[in-house]
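Here is the structure we will look at.
The values are calculated or read from the model by the stated rules, or taken from the named source; none is laboratory data. Note that the structure is a prediction, hence the values are computed from the model and not measured. We place every Cβ from the backbone using ideal geometry, glycine too, and count neighbours over all the protein chains shown.
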Amino acid sequence: MKKGTVGILLKTLPFLGIRFGIYIATAIAAMLWLGLLLLISGAIDSPQVAAILFLLGIAGIFGIVKVVGHFVLYFLKAAHIAVISEYLTTGNMPEKGQVKYGIEKVKSNIGAAASVAVLDILIKGAVRQVIRIFNTIGSFLSIIPGAAFIIRLFNLIVETACNYIDECILGYIFVNKENNPEVNTWKASADGIVLYAQNWKAIGIGAVKTVLMLWVLKIILYIVSFTLFASSLDMGFFGFLFIALVVWALNKAIIDPLATVNMAKAYFAAIEQNPVPAVDLYEKVANASSKFRKILDNAGSSAGGMAQPTNI
């Protein structure tokens, strides 16, 4: 079965629609908030008050985005990756009600939105710390004259890929617990991180491809957005802001999920060849990562046991 990135994403159109709708609703809420403050500042007719309210408006926009991201989108993204991971590992996709199906998977395996956010933050932190263990390419290249640009480019690719690897590990949790129901969520998280460390070279190749794809798509999106900006100069500040927020919504709702699917394909393809976490890596990762140690503490173990191979 051929599993193209775009094809897989299109199979989850309900998620894409909801994600885009949430981002657009967030953008509209942000504009209304800023517009309200500008109206108030205009009524007061004080430059100092106007400046303060404008700053409050900008801060409020970031606050709205953060709240939506932490309490809504963390949960929805986890449900999305649950469905994507099941398709990648079994070829099965719920024909109807996939959003409800994904949400139920998250609730039964992780819990409420706050639990998803806490788990994801710990996984992301652990992954970033793990990468430092294996990132020997930068130190190797540093002996080559004029290699500073290559090192910076490599580090930028690694940093960008980190934003999607945590979602792959969330996906692994669902797959692992489907095959091994007795495994708790924290232990499954630890297994997923160790499998990443164990297969980091193979996953890294996929990460490079994902980041290059991401950059190309974002460049295209920004070119289109700049064209729209140029044609909307007579629309004023709110026209400019609206276009900027729509571009942001498209980036978050479509381009980011594409990168997630591509990264998940690389992750699951790599661990299919090497599906059992190496016990000795648990100690090595734990020594290097405080976040991983916290995950192990929550799992109730100081070292990993042998996980059952995952059928992919």
**Q.** Residue count, region 192-205 (criterion: part of a helix (DSSP H, G or I) and of a type in the set (S, T, N, Q))
**A.** 1
Q.
Condition (residue is closer than 13 Å to residue 286 by Cα and at pLDDT 80 or above) applied to region 131-145: is it met by at least one residue?
A. no
Q.
Can you pull out every residue in region 157-191 that is β-branched (Val, Ile, Thr), in a helix (DSSP H, G or I) and either surrounded by fewer than 24 Cβ atoms within 10 Å (Cβ to Cβ) or at positive phi (or both)?
A. 157, 158, 160, 175, 185
Q) So residue 89 fits all but one of (1) buried (at least 20 other Cβ atoms within 10 Å of the Cβ); (2) within 18 Å of the chain's Cα centre (by Cα); what number is the exception? A) (2)
(Q) Suppose the filter is over 23 Å from residue 173 (Cα atoms), of a type in the set (Gly, Ala, Ser), surrounded by 18 or more Cβ atoms within 10 Å (Cβ to Cβ) and in contact (Cβ under 8 Å) with a residue 12 or more places away in the chain; does residue 30 pass it? (A) yes
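Taking residue 255, is it surrounded by fewer than 21 Cβ atoms within 10 Å (Cβ to Cβ), modelled with pLDDT of 90 or more, among the aliphatic types (A, V, I, L, M) and in a helix (DSSP H, G or I)? Give the steps one after another, and end with the answer.
Values: surrounded by fewer than 21 Cβ atoms within 10 Å (Cβ to Cβ): yes; modelled with pLDDT of 90 or more: yes; among the aliphatic types (A, V, I, L, M): yes; in a helix (DSSP H, G or I): yes.
The answer is yes for residue 255.
Can you say whether residue 73 is touching a Lys or Arg at 6+ places or on another chain (Cβ under 8 Å), surrounded by 18 or more Cβ atoms within 10 Å (Cβ to Cβ) and not charged (D, E, K, R), as far as the supplied structure shows? Give the steps one after another, and end with the answer.
Details: touching a Lys or Arg at 6+ places or on another chain (Cβ under 8 Å): yes; surrounded by 18 or more Cβ atoms within 10 Å (Cβ to Cβ): yes; not charged (D, E, K, R): yes.
Criteria met by residue 73.
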Q: For residues that are among the hydroxyl-bearing types (Ser, Thr, Tyr), in a helix (DSSP H, G or I) and modelled with pLDDT under 85, tally how many sit in region 206-232.
A: 4
Q) Restricting to region 94-117, what's the tally of residues that are at pLDDT below 85 and either among the hydrophobic types (A, V, I, L, M, F, W, C) or touching a strand residue (DSSP E or B) at 6+ places or on another chain (Cβ under 7 Å) (or both)? A) 6
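Would you mind stating whether residue 102 is under 19 Å from residue 173 (Cβ atoms) and not in a helix (DSSP H, G or I)?
Working: under 19 Å from residue 173 (Cβ atoms): yes; not in a helix (DSSP H, G or I): no.
In short, no.
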